[in-house]
Amino acid sequence: MGKPYPIYRVFNDAVQLTIASATEYIDFVRFIVNEQDTKQIFLSLSEMMILRYLADNRQIKLDKAQELTQVSEEEVRRCFSNLIRYGLIELSGKYYMLTARVYEVVKSDIEYTRDKTIQYIKAKGMILEYLKINSSIKNSVIRELCGFTKQQARTTIDKMLEENLLIRIGAGSATGYKLK
C-alpha cells in the first residue's frame, strides 16, 4: 500500500521491528489500484514489490528481483513477464525499468527520458571504446557488449549512424560498422 519496507534491527538479546503507518507514495498506491481496476488484474505481492523497488531505484536485474521478493527465478521471470504484458515495465538491456506511462504517474517523464538517454550514452561509450581496439563491430557484438536485444542494438546503431560516428560496411549477415 505504498508504505516503506519494515525496518529490522537485531540486538544480542532482542529484535526490533518498525512498521511505518504512513503511506509514502500515495500517487503510486492510486496508480496500482487504478491499474488493477481498469485492467481487471490482480498484482501479486512480488509484482508490487518489484514496482515499488523500481519507483525508488529506476532499474532492476533478475537476480536483485529474486533477492528482493525471495521467490524462485522462474517466479520472478513470470512476474517480469506479467508486468511487461500489463505495460508497466520494459526491458532495457539486462535491466528492467518502468515504462514511460508509469514514469508519468509515479515519477516524471523527464526522469524516463534521462534514464533512456543515460543508457544510450553508456552503450555509445562502450561501442566507441571497443572500436578503438577492434577495426569493426557487428550487431551481435553490440548485443553481447551492452546486454541489448537485437532491436535495442539496432536503435543504438541507427543513432550512432545519424551522429556520423559510424559507417556501415558489408551487407546482410556480414554487415558491420566502423568508426567514421
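A short reminder: the numbers here are calculations on the coordinates, not readings from a lab. Note that this is a predicted model, so its numbers are computed, not measured. Because the Cβ atoms are built from the backbone with ideal geometry, glycine has one as well, and the counts that use them run over all protein chains shown.
A few comments on the model shown:
- Residue in segment 29-46 that is farthest from residue 102 (Cα to Cα), counting only those that are among the hydrophobic types (A, V, I, L, M, F, W, C) and either in contact (Cβ under 8 Å) with a residue 60 or more places away in the chain or in a helix (DSSP H, G or I) (or both): 45
- Filtered by the rule that a residue be under 17 Å from residue 121 (Cα atoms) and touching a residue at least 40 places away in the same chain (Cβ under 8 Å), segment 148-180 gives 148, 149, 152, 165, 179.
- Some residue of segment 11-31 being under 23 Å from residue 146 (Cα atoms), of a type in the set (Val, Ile, Thr) and surrounded by 15 or more Cβ atoms within 10 Å (Cβ to Cβ): no
- Every pair of residues 6+ apart whose Cβ atoms lie under 7 Å, when the first sits in segment 131-147 and is hydrophobic (A, V, I, L, M, F, W, C) while the second is outside any helix (DSSP H, G or I): 131/137; 131/178; 131/179; 137/176; 137/177; 142/148; 146/93
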